[in-house]
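Heads up, the thing below is written out as structure tokens.
The values are calculated or read from the model by the stated rules, or taken from the named source; none is laboratory data. Quick caveat: nothing in here was measured; it's all calculated off a predicted structure. Virtual Cβ from ideal backbone geometry, glycine too; neighbours counted across all protein chains shown. Calculation scope for accessible area: heavy atoms of the full protein, side chains included, ligands and nucleic acids excluded. Shrake-Rupley method; radii C 1.70, N 1.55, O 1.52, S 1.80 Å.
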Amino acid sequence: MPGWIRRHLVVLAGLCTLAYLVLPNVVVLVFSFNQPNGRFNYTWQRFSLDAWKDPCGVPDLCGALGLSLQLAAWATLGATVLGTLIAFALVRYRFRARGAVNALIFLPMSMPEVVMAASLLTLFLNMGAELGFRTVLVAHVMFCLSFVVVAVKARVMSMDPRLEEAARDLYAGPVQTFLRVTLPIAAPGIAAGALLAFALSFDDFVITNFNAGSTVTFPMYVWGSAQRGTPVQINVVGTAMFAVAVLAVVAARFLTARRKRTRSRR
């Protein structure tokens, strides 16, 4: 038995880590079918589908969820566009202060969120900006930008420049080369950065709480509900989000495997 454990130690460690990561989601899933007696959904009472039948039954929950999705979508768009341009500029061009820009890109990733949140709040107050959706959007684009730059930059650095040279040798213009050669190769890095930015923006609480004013996002709603009672519908929304993420990963893996099989047949 000890010999079998030593041979499969890495696999066992991986399974234990996976179970540790998935266990909170399982708890959220189970308690989404609970019908608590009081305001707090912390103790299992009885099985019920009431929360699944009416996920928006709690006031302002779906409004906060929709606001978070809208905010994450706009932040992802802004951070992805700006981050992709910055990544290409840092890899393809040589200019003064390039090293300083590279170092500054990593600052939001290494800086504590509360420091960035307080700094952004000070900036907005000194500018006389009204705290709300716009200030939160600017803040989200700012801290998501670094993650997009890192993801896209890694992909661009691994690109073979000879592919673009071959396209130009075949009389492709700059725009056509970018759209037909460069962009498809960089697309996985851009998609990874966009997904990371969306997840970070949707999930953020600290920076949002400092700069939101009267705006209430879904993480802020969950935090506020935890003070006075946690409705089961929060577990329903969390379970649905987790299911969508898992389905997206499975679909991506399936499409990738299918594309590889198609290429191998050719």
| request: Take every Cα pair under 8 Å in segment 124-236 that's 6+ residues apart, average their separations, divide by the length, and report that relative contact order as a whole percent. | output: 39
| query | Helix 133-157 versus the longest principal axis of the chain: what is the Cα-based angle in degrees, 0 to 90, to the nearest 10? | reply | 50
| said: With every protein chain kept in place and ligands, DNA and RNA left out, what is the accessible area per residue of segment 66-213? Probe 1.4 Å, answer in Å². | reply: 56
| Which order do ARG265, ARG258 take when ranked by solvent-accessible area (1.4 Å probe, heavy atoms of all protein chains), largest first? | ARG265, ARG258
| query | Mind checking the angle between helix 218-228 and the chain's longest principal axis? C-alpha axes, 0 to 90 degrees, to the nearest 10. | reply | 20
| request: Express in Å², to the nearest 10, the accessible area of VAL10 obtained by rolling a 1.4 Å probe over the protein heavy atoms while all chains stay in place. | output: 120
| query | According to a simple spin-label model (label point 7 Å from Cα along Cα-to-Cβ), what is the distance in nm between ARG180 and ASN25? | reply | 4.1
| said: Probe radius 1.4 Å, ligands and nucleic acids left out: which of MET241, MET220 has the largest accessible area, and how do the rest follow? | reply: MET241, MET220
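At 222 nm, what value in deg cm²/dmol follows for the chain if DSSP H runs of at least 4 each add -39500 (n - 2.57) and the sum is divided by all its residues, to the nearest 500?
That comes out to -24500 deg cm²/dmol.
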| Cα-based convex hull, the chain, per residue volume (Å³, whole number) | 232
| remark: Rounded to the nearest 10 Å², the accessible area of THR43 using a 1.4 Å probe with every protein chain kept is 80
| field | Kirkwood Rh, Cα atoms: Rg over Rh of segment 81-178 | value | 1.12
| query | When the accessible area of segment 221-262 is computed with all protein chains present and a 1.4 Å probe, what percentage of it is carbon and sulfur? | reply | 70
| Over all distinct alpha-carbon pairs, what is the Kirkwood Rh of segment 163-266 in angstrom? | 18.0
| field | Cα-based Kirkwood hydrodynamic radius, segment 1-129, one decimal, Å | value | 20.9
| field | Accessible heavy-atom area order of VAL114, VAL175, highest first, probe of 1.4 Å | value | VAL175, VAL114
| task | Could you run the Karplus curve 6.51 cos²θ - 1.76 cosθ + 1.60 with θ = phi - 60° over segment 34-51 and give me ³J(HN,Hα) per residue in whole Hz, x for Gly and Pro? | result | 8, 10, x, 7, x, 7, 9, 9, 10, 10, 6, 10, 7, 6, 7, 10, 4, 5
| query | So how exposed is ILE185, as accessible area in Å² (1.4 Å probe, rounded to 10)? | reply | 40
| said: I'd like the Karplus ³J(HN,Hα) series for segment 82-87: coefficients 6.51, -1.76, 1.60, θ = phi - 60°, whole numbers in Hz, and an x wherever there's a Gly or Pro. | reply: 5, x, 5, 5, 5, 4
| query | Mind listing the phi-derived Karplus ³J(HN,Hα) values for segment 159-171, rounded to whole Hz, using 6.51, -1.76 and 1.60 with θ = phi - 60°, and x for any glycine or proline? | reply | 6, 8, x, 5, 5, 5, 5, 5, 5, 5, 5, 8, 6
| field | Sorted largest first, extent of segment 220-265 alpha carbons per principal axis (Å) | value | 60, 16, 7
